[in-house]
Amino acid sequence: FSPVSIHMTQSNSHDSIHIKLILKKHAATSTDAALFLGLAEDSVFVNGGNGETEHYNVLRKSLTTAEGMLVSLDFPVGDSVMLNFSGKQASFWDPNRMFAIAMLSGKDDAKLIQSTKSALLRTTSISAVSTAENYSVWPNPAKDLLMIRTVEKGIVDYRIYDLLGKVVRQGDFTGNTTINIAGMPTGHYLLHLYSGSHSAPYRLLLQH
């Protein structure tokens, strides 16, 4: 039985992930604790140099230092403490595969007190969801040409990233467009479409 529980909620903005973390005390303890919080991606498709191309539960960013964030548990049983964190999201992360992981341990003895992880993060902004629904991207898997259809009225910028975060194609269009991807190697990529202050991410698979 742990004297403290951890509950996390999260949201995405245009380029950041926001975590609200609540520590609730269920039993008496006055131990100072170290909180470790990070952002992870549940599946990453990239050649890691050892021949493996699929990697799972990959830690992308720590939101606390290597020593953890000092947290005092000296508050009444039944009370809660709320902490807020934000982290910049890299362009090549898949926002729909991101989750937060938290671990609370004793400051002096490093004994685990509690740990948990959040559900996969989803783009919850109404405008962001609406923007994603305004595009059609096909075929996927793709071979030589990628078609994009949109109902957006203004200029749409696009960027295609490889899974190391390098931009391999970019440009802009109005209405519908076709992107020549014949020279790109077979593999997984991320397509980001930008219109105004909104973005819509898509995971692509190229098979030649």
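Quick note: the coordinates plus some simple rules give every number you see, no bench work behind them. These numbers come from a predicted model, not from an experiment. So basically every Cβ, Gly included, is an ideal-geometry build from the backbone, and we count neighbours across all protein chains shown.
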**Prompt:** Which ³J(HN,Hα) values in Hz, rounded to whole numbers, follow from the phi angles of the stretch 155-172 under the Karplus curve 6.51 cos²θ - 1.76 cosθ + 1.60, where θ = phi - 60° and Gly and Pro get x?
**Reply:** 6, 10, 8, 10, 9, 10, 10, 7, 7, 9, x, 7, 6, 10, 8, 7, x, 8
**Nitroxide proxy distance, nm - points 7 Å out along Cα→Cβ at LYS111 and THR29** = 0.9 nm
**Complete:** Surpassing 31 Å at the alpha-carbon level, of the pairs LYS20/LYS111; LYS117/LYS153; LYS61/LYS143, are LYS117/LYS153; LYS61/LYS143
**Item:** From phi via Karplus (6.51, -1.76, 1.60), per-residue ³J(HN,Hα) for the stretch 176-181 in Hz, x at Gly/Pro
**Value:** 10, 8, 10, 10, 7, 10
**Complete:** Given the candidates SER16, SER118, ASN140, the one whose Cα lies deepest towards the positive end of the charge dipole of the chain, counting +1 at each Lys or Arg C-beta and -1 at each Asp or Glu C-beta, is ASN140
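Out of the stretch 12-67, which GluC sites (Glu not before Pro) are coil in DSSP terms and have no more than 13 other C-beta atoms within 10 Å?
GLU52, GLU67
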**Asked** Of ALA90, ALA110, ALA119, which has the largest mean-square fluctuation in a 10 Å C-alpha GNM of the chain?
**Response** ALA110
**Prompt:** Expressed as cubic angstrom per residue, what is the convex hull volume of the alpha carbon set of the chain?
**Reply:** 134 Å³
**Message:** Output wanted: per-residue J couplings in Hz (rounded whole) for the stretch 99-108, from phi through Karplus 6.51 cos²θ - 1.76 cosθ + 1.60, θ = phi - 60°, x for Gly and Pro.
**Reply:** 9, 9, 10, 10, 9, 10, 9, x, 5, 8
**Prompt:** Rounded to the nearest 0.05, what FRET efficiency is calculated for ASN57 and ASN140 with R0 set to 22 Å and r the Cβ-Cβ distance?
**Reply:** 0.35
